[in-house]
Each structure stands twice: as structure tokens, then as C-alpha cells.
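Bear in mind that the values in this text are calculations on the coordinates, not laboratory data. Quantities reported herein were computed from a predicted structural model and do not represent experimental measurements. Cβ coordinates were reconstructed from backbone atoms using ideal geometry, including for glycine residues, and neighbour counts include every protein chain displayed.
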Amino acid sequence: MLGPTGSSPSPPAPPPVSAALLILAAIAISMADYVGLSLAVGLQEFYVGFMFLIYWSGPKKASFAELPSVAAASLFGLGLGLALQQLQSHMGGPGVLLFLAIIALVVFLLIRQRLSFLINEAAMLMLTLATVAHVQAHASFQGLFVSLGLAIAFFGLLFWLAGRFTEARSRAQPSAERTNTAL
């Protein structure tokens, strides 16, 4: 949709206050459910799932066409973070240098837009998260991977169900309007 000048898209109108409050309640409940599920299976690294959710639901608009790439790239980014941890702990300084060489290659491929299914902004986001000194020193990478997988499944299913509900509701609404106008 073009704006008044015809040059840029117009942002969608914000929802009314009542709808915004319902959306906020749904978000709070889904976040609490995800955290509760994470804690129930013994995960403490659930923050990685929120980073996935922010990227997939923000820039990617929760597009199911984008989900496989965002998921794979997120796993790749965490894998690179694990590589840093392992290379540094087993090889010390030379391991860090080897990691930097790997990252140089990954960034080169990102710049050249090669292997973009795997090497993209989602990978860089997770790589950034996974290379934070506190994460490197204290997080369980096994927990990070499991938490990311849980988030992909949980939020993917949640958005899929929400989409089915919205579609069913929009299909039912026109027929209800026809019934009301026929009376």
C-alpha cells in the first residue's frame, strides 16, 4: 500500500485499545507458557528462544516460508558459538585464531550472499548471543540448542494455530453478516 505521496508504504493503523489489550494478554500468556514449559523440562537458557521469536516474528513477520531458514541459521549461529567455546578451551589462543578465520569466511559468504539459507541475519544474531563472554563461560550449549528447538516448535505451532483460528473466524464472519442482513 503506497502512502499519500505514492512513494513509500503506509504503516498499518494501530489496533484499538481493546484489541491491543487482548493482544498483550495473549502475548503474556504465551510467554509464560513458553517459560513454564522450558523450566518444566529443566531448561534455564530460554532466552535464546525469545531471541529467535523476536527475529522471526519481527523482521520476518512470522512467515512460515521463512521459518526453515531462520531455524537453520539460528542453529548454525549457535553452532558457531559452540565452536568458539570448544576451540578456545581445547587449543587456547590458536583455537581463537582458527575461530576468527572461520568467522571471516562466514562473514565473506554473508557479504557475497552465498549459502543465504544458512548464513544470514538470524545466524549473526545467534552468533552474537552465543559469543557473549557470560554465555561462553556459564551457559549450557546443550541447553541453548534444546531451548532453541523448543522455541521453534512452540512458537511455530502457536502461530500456526493462531493463523488457523484467524482464517476460520474470517470465513465464518461473512456468512454471519449475510445471515444478519437477510433477517
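Tabulated data for the structure shown
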read-out	value
Computed label-point distance, nm, for sites residue 40 and residue 65 using a 7 Å Cα→Cβ extension	3.5 nm
Region 1-137, dipole about Cα centre (Lys/Arg Cβ +1, Asp/Glu Cβ -1), debye to the nearest 20	300 debye
Region 1-71: C-alpha gyration tensor shape, a/c 1.5 cut-off, then a/b vs b/c	oblate
Kyte-Doolittle mean at least 0.0, axial Cα span of 24 Å or more - DSSP H helices of the chain	17-40, 67-91, 93-111, 141-182
Translational D in µm²/s for region 45-172 (Stokes-Einstein at 37 °C, 0.692 mPa s, Kirkwood Rh from C-alpha pairs)	211 µm²/s
Rg [Å, one decimal], Dmax [Å, integer] - region 77-140, C-alpha atoms	11.8, 34
Packing-based order for 160-172, 126-138, 40-52, 23-35, using average beta carbon neighbours within 10 Å, highest first	40-52, 126-138, 23-35, 160-172
Dipole-positive endmost among 141, 68, 88 within region 45-172 (Cβ charges, Cα centre)	68
Theoretical ellipticity at 222 nm over the chain - DSSP helices of four or more residues, -39500 (n - 2.57) apiece, nearest 500	-25500 deg cm²/dmol
Ranked list, fewest to most other Cβ atoms within 10 Å of each Cβ, for 125, 22	22, 125
Cα-based shape type of region 39-82, given that a ≥ b ≥ c are square roots of the gyration tensor eigenvalues and the cut on a/c is 1.5	oblate
Inter-centroid distance (Cα atoms) of region 77-141 relative to region 62-76, Å	18 Å
Residue 142/residue 32 FRET efficiency (R0 30 Å; Cβ-Cβ; nearest 0.05)	0.80
Difference of contour (0.36 nm per residue) and Cα-Cα distance, residue 153 to residue 167	3.0 nm
